[in-house]
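A short worksheet on the structure shown next.
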Amino acid sequence: MKFEKKSDDSIVPGFMFGLVILGPAAGKLKYTLLDKQDITLLQNYILEAYVDVDRNGEGACVFALAYDIKRGKDAGRYIQDILWEKHYGGIAPGFKVAHRNGITVDNRLENLTLQPKENSHFRASTLKDPEHSLYWSAVVEMPHEAEPLYMKLFTAHEEISLLKEERYFECHYPPCTRIEQRPQEFHICSLCHITRYCSATCQSLDWSWHEPICLQRPRPLNIQGHLDR
Ligand SMILES: [Zn+2]
Ligand SMILES: [Zn+2]
């Protein structure tokens with residue numbers, strides 16, 4: 001993928017990034033952004049999306065979890081930890097790898113930093129204009145068919161029961177990474193009563209992507225009273 005320099009972002013002209021599909025989490029299909037030089041990690045690791053829920057109920061974050069292909073699902077680690085070790089040798093004791101811009105799936109090296117563990121708490125993305133982030137520009141370029149194709153792996157009922165297990169939803173508009181800080185914080189799609197959005201703007205921008213999935217879903221007559229607010 002190649003990006004043009006935009007006014008207020010730190011995009012290096014001509015530099016290449018990779019956007020990797022992580023699979024579904026927090027009610028949507030998630031991606032992670034990696035530097036081109038780190039794409040080779042995919043030879044040794046399988047990446048999946050993982051929702052880390054704060055123990056004290058202070059919200060949730062979506063991270064990219066990497067499984068060593070040789071060791072299987074017992075050996076999952078956050079990709080940001082693996083990247084930090086690869087480039088800097090190790091993580092200093094008492095510190096953890098954090099994402100500078102608050103987008104926890106933006107794993108470009110320049111977005112990673114060390115933070116004392118005791119100060120680490122979940123927080124919403126600190127970006128004032130997430131629309132101008134490189135992550136947003138990358139995901140908005142993704143083919144609109146990606147999610148419908150992915151969701152075809154499930155029947156509508158399987159997909160809905162998967163979604164009902166989610167406690168925290170991220171805004172469904174793919175480039176937006178705002179995530180609920182408390183369960184059922186966001187607006188819900190009035191047709192399927194499942195998909196959630198941080199704002200009316202994201203909902204209308206997402207409609208062309210969401211429509212084919214939404215229209216296939218069984219109409220939620222029996223769960224309407226439960227989910228409608
Ligand atoms: Zn819907
Ligand atoms: Zn949103």
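Within the bounds of segment 160-183, is there any residue that is in a helix (DSSP H, G or I) and within 12 Å of ligand 1 (Cβ to nearest atom)?
Of segment 160-183, the ones in a helix (DSSP H, G or I) are 160-164.
Okay, now just the ones that are also within 12 Å of ligand 1 (Cβ to nearest atom), so 160, 163.
Checking segment 160-183: at least one residue is in a helix (DSSP H, G or I) and within 12 Å of ligand 1 (Cβ to nearest atom).
Quick check on this structure: which one of Ser199, Ser161, Ser208 is modelled with pLDDT of 85 or more and either closer than 21 Å to Val62 by Cβ or not polar (S, T, N, Q) (or both)?
Ser199
Of all residues in segment 78-90, count the ones that are in contact with a strand residue (DSSP E or B) (Cβ under 6 Å, 6 or more places away or on another chain) and either under 16 Å from Phe17 (Cα atoms) or free of Cβ contacts under 8 Å to residues at least 40 places away in the same chain (or both). Give the derivation first.
The initial filter retains those residues of segment 78-90 that are in contact with a strand residue (DSSP E or B) (Cβ under 6 Å, 6 or more places away or on another chain), namely 78-82, 84.
Going one step further and asking which of them are either under 16 Å from Phe17 (Cα atoms) or free of Cβ contacts under 8 Å to residues at least 40 places away in the same chain (or both), we end up with 78-81, 84.
Matching residues across segment 78-90 total 5.
Within the set of pairs 6+ apart or on separate chains, which have a first residue in segment 203-220 that is closer than 20 Å to Cys171 by Cβ, a second that is charged (D, E, K, R) and buried (at least 17 other Cβ atoms within 10 Å of the Cβ), and C-beta atoms under 7 Å apart?
Pairs found: Trp209/Glu147; Ile213/Glu147.
Out of segment 133-158, which residues are at pLDDT 80 or above, closer than 20 Å to Gln203 by Cβ and surrounded by fewer than 17 Cβ atoms within 10 Å (Cβ to Cβ)?
Val140
For segment 191-213, which residues satisfy the criterion of being more than 8 Å from ligand 1 (Cβ to nearest atom) and either assigned to a loop (DSSP other than H, G, I, E, B) or under 18 Å from the mean Cα position of the chain (by Cα) (or both)?
Scanning segment 191-213 gives Arg196, Tyr197, Cys198, Ser199, Cys202, Gln203, Leu205, Asp206, Trp209.
Is there any pair with a first residue in segment 176-190 that is touching a residue at least 24 places away in the same chain (Cβ under 8 Å) and a second that is surrounded by fewer than 21 Cβ atoms within 10 Å (Cβ to Cβ) and of a type in the set (Val, Ile, Thr) whose Cβ atoms are under 9 Å apart and which are 6 or more apart or on different chains, and what are they?
So the pair list comes out as Ile179/Val51.
Between a residue in segment 46-68 that is touching a residue at least 24 places away in the same chain (Cβ under 8 Å) and any residue that is exposed (fewer than 15 other Cβ atoms within 10 Å of the Cβ) and assigned to a loop (DSSP other than H, G, I, E, B), which pairs come within a Cβ distance under 6 Å, given they are 6 or more apart or on different chains?
These pairs meet every condition: Asp68/Ala75.
The values are calculated or read from the model by the stated rules, or taken from the named source; none is laboratory data. Keep in mind that this is a model prediction, so the values were computed, not measured. Neighbour counts are summed over all protein chains in view; Cβ atoms, including those assigned to glycine, are modelled from backbone coordinates with ideal geometry.
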